[in-house]
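The values are calculated or read from the model by the stated rules, or taken from the named source; none is laboratory data. As the structure is a computational prediction, the values presented were derived from the model and not from experiment. Here the Cβ positions follow ideal geometry from the backbone for every residue, glycine too, while neighbour counts run over all protein chains shown. Just so you know, the surface numbers come from the protein's heavy atoms only, side chains and all, with ligands and any DNA or RNA stripped out. Shrake-Rupley method; radii C 1.70, N 1.55, O 1.52, S 1.80 Å.
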Amino acid sequence: MTNKYKKTAVLITCGTVMALSGTSIARDYIDVVGSSTVYPFSTVVAETYGKKTGGKTPKIEATGSGGGMKLFCAGNGINTPDITNASRRIKLSEFNKCQKNGVKDIVEVKIGFDGIAIANSKKSAVFDLTRKQLFLALAKKVPGKISGELIDNPHKKWRDIDANLPNTKIEVLGPPPTSGTRDAFAELALEGGCQSFDWIKQIKKDSKAAKKSGDKTAAKKLKRRYKTICHSIREDGAYVEAGENDNLIVEKLKANPKALGVFGFSFLDQNSDVVQGAVIDGVKIDFEAIASGSYPISRPLYFYVKKSHVGKVPGIKQFIAEFTSEDSWGAEGYLTDKGLIPLSDDAREKMSKSANNLVPLDLKSEE
């Protein structure tokens, strides 16, 4: 474990390290890294697990989904994390890196759903936005007057985009590139607005057509261009990277009623006395809208388990069992009180069986 890893760790309970037979070393606590969005859910499960089993409470670190995957996939040694949380699915590139570094059997557990809130202080009026307006507010480059033309984002105030929006400067506090919330926001919100421009949408269609025809080079080039246009966030101060701590964003919104913040629904739900969610494409963010899929910026949440660590680090199977119990992630479970939107009954039953039987993920077969 590096010094940086030690310094950035958020410890719930720090377990001691114990030597086993020979030269192998194991921990007597579970080591979890990853998503700041999944962090509060993982934390309460860890605390419940500790109380029920009497074992060491797992250590939880909020590194962001990308940062967690990097640590998780670094190798198979006992000095690497056992579990990583993610607010988006593992990428094929991350899966391949895991395989290359010897992390062969990865167990994927989808725990439920979350909505990405675009929120502001309750001292200000509720924002009513479309995904197109979000794209025009935050994209690095936006379409010009001529079809196919891209220009540096000229919009300084919300009213520059639409006369019905507030006459205040565009200032959005959000997560950094290592965050799964940032990835999901770019894919669901910005790309959703980006596709409202027909010529940009056509690039994606052309990429798929090129891939189908067997021209992989052209397909990759078109896909890269499309993603660059739709996912690149401006860097001129309108979007402010506020780190992986979503609670810090909430505090900054309280101090600056004119700013907006981007974070998971659970943080909005837990701070509903001071912040409020924007209406997106005519839909107000709430539990029911996310569960039904009508809220347009919703995403599934996951955690991933290193199967090779089961049996080497005590309690991993019990932790999985607690997380996937009806008392935890069920429709009336304690995680719903924290803002988790549960999977359907059938989906929970299927996922629980897969997780508790430690069925490895075969991502390549899904390509």
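So the values come out like this:
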item: Tally, over region 328-366, of residues that are of a type outside the set (S, T, N, Q), open to solvent by 30 Å² or more (accessible area, probe 1.4 Å), under 28 Å from Phe263 (Cα atoms) and free of Cβ contacts under 8 Å to residues at least 12 places away in the same chain; result: 2
item: Condition check for Val44: part of a helix (DSSP H, G or I) and of a type in the set (A, V, I, L, M, F, W, C); result: yes
item: Any pair with Cβ under 9 angstrom, 6 or more apart, that starts in region 259-274 at a residue that is without any contact (Cβ under 8 Å) to a residue 40 or more places away in the chain and ends at one that is assigned to a loop (DSSP other than H, G, I, E, B) and charged (D, E, K, R); result: Ser272/Lys122
item: Residue tally, condition open to solvent by less than 60 Å² (accessible area, probe 1.4 Å) and touching a Pro at 6+ places or on another chain (Cβ under 9 Å), over region 96-109; result: 3
item: Sole exception among (1) touching a His at 6+ places or on another chain (Cβ under 7 Å); (2) surrounded by fewer than 21 Cβ atoms within 10 Å (Cβ to Cβ) for Ile316, by number; result: (2)
item: Hits in region 148-183 - residues which are surrounded by 14 or more Cβ atoms within 10 Å (Cβ to Cβ), of a type in the set (Gly, Ala, Ser) and farther than 18 Å from Asp236 by Cβ; result: Ser179, Gly180
item: Ile111 being touching a residue at least 12 places away in the same chain (Cβ under 8 Å), of a type in the set (Val, Ile, Thr) and closer than 25 Å to Tyr304 by Cβ; result: yes
item: Single residue of Ile200, Ile233, Ile229 found to be more than 22 Å from the chain's Cα centre (by Cα) and at pLDDT 95 or above; result: Ile200
item: Within region 128-142, considering residues that are surrounded by 20 or more Cβ atoms within 10 Å (Cβ to Cβ) and not aliphatic (A, V, I, L, M), the one farthest from Ile203 (Cα to Cα); result: Gln133
item: Restricting region 184-200 to residues that are open to solvent by 40 Å² or more (accessible area, probe 1.4 Å) and acidic (Asp, Glu), the residue that is nearest to Val172 (Cα to Cα); result: Glu187
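Residue-wise test of (1) open to solvent by less than 30 Å² (accessible area, probe 1.4 Å); (2) touching a Phe, Trp or Tyr at 6+ places or on another chain (Cβ under 6 Å); (3) outside any loop (DSSP other than H, G, I, E, B).
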{"residue": "Lys221", "(1), (2), (3)": "no, no, yes"}
{"residue": "Arg225", "(1), (2), (3)": "no, no, yes"}
{"residue": "Gly237", "(1), (2), (3)": "no, no, no"}
{"residue": "Val240", "(1), (2), (3)": "no, no, yes"}
{"residue": "Pro257", "(1), (2), (3)": "no, no, no"}
{"residue": "Tyr295", "(1), (2), (3)": "yes, no, no"}
{"residue": "Arg299", "(1), (2), (3)": "yes, no, yes"}
{"residue": "Val305", "(1), (2), (3)": "yes, no, yes"}
{"residue": "Ile320", "(1), (2), (3)": "yes, no, yes"}
